[in-house]
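What follows is one structure encoded as structure tokens, with my remarks underneath.
Here, each number is a calculation from the coordinates, and none is a lab measurement. Note that this is a predicted model, so its numbers are computed, not measured.
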């Protein structure tokens, strides 16, 4: 793959979300070329994906343990480290790696595949709902309350409710009541 041609493709992509996903797909391809595992998109970028851009964030949040390998790739494709972010002026994108990995090996993932054989992994909608409920309950972010509700409504028929309720009941989450309240509302 010609990296510069792919970077040009990203630059010319109009959809901000698609630009973010293509960037992660490029990073993944370069990591795989080095025999490395690939990160998982989490946070606002994942929320943008599942909400079909009802919610939008300017940065890409990744869960990834091998920071050194990721840093090398980001440098290679023109990103510069500024505080906790990696910034690409040419792509007008920022990357942050707030988590070393997803918790639990049974965490569901969404795989987004592109025509050129590249792909990226996104946190499963169930874990994203738990993340938003935690933010809503513990940090009082009203937008996250609304986003959790939107995701439950949008995906209610396809959610793994057993997994979701098991995660919500864990002591470090403790959001089962909030999840149950949302479920009751949509079941009316």
- Task: Identify which of 120, 45, 145 has the largest mean-square fluctuation in a Gaussian network model of the chain, with springs joining Cα atoms closer than 10 Å.
- Result: 145
- Query: Using only the Cα atoms, what convex hull volume per residue in Å³ does the chain have?
  - Reply: 126 Å³
- Task: Figure the gain on full extension for residue 37 and residue 76 (residue separation times 0.36 nm, minus the Cα-Cα span) and round it to one decimal in nm.
- Result: 12.3 nm
- Task: Enter the Cα centre distance for the pair the range 2-17 and the range 134-167, rounded to the nearest angstrom.
- Result: 32 Å
- In units of 2.2 N^0.38 Å, the Cα radius of gyration of the range 1-76 is 1.11
- Note on the structure: Most fluctuating of 26, 75, 17 in the GNM of the chain (C-alpha, under 10 Å) is 75
- Query: What number in nm² do you get for the range 87-188 if you take the convex hull of its Cα atoms and divide its surface by four?
  - Reply: 8.7 nm²
- Query: Helix 176-187 sits at what angle to the longest principal axis of the chain, using alpha carbons and giving 0 to 90 degrees rounded to 10?
  - Reply: 80 degrees
- Beta bridges per DSSP with both ends in the chain, % antiparallel, nearest 5: 70 percent
- Item | Choice from 11, 34, 92 with maximal GNM fluctuation in the chain (Cα, 10 Å cutoff) | 34
- Helix 67-76 axis, angle to the chain major axis (alpha carbon atoms, nearest 10°): 50 degrees
- Item | Potential lengthening between residue 176 and residue 90 on full extension [0.36 nm per residue; Cα-Cα distance subtracted] | 26.6 nm
- Message: Between 0 and 90 degrees, rounded to the nearest ten: what's the tilt of helix 142-155 against the longest Cα principal axis of the chain?
- Response: 90 degrees
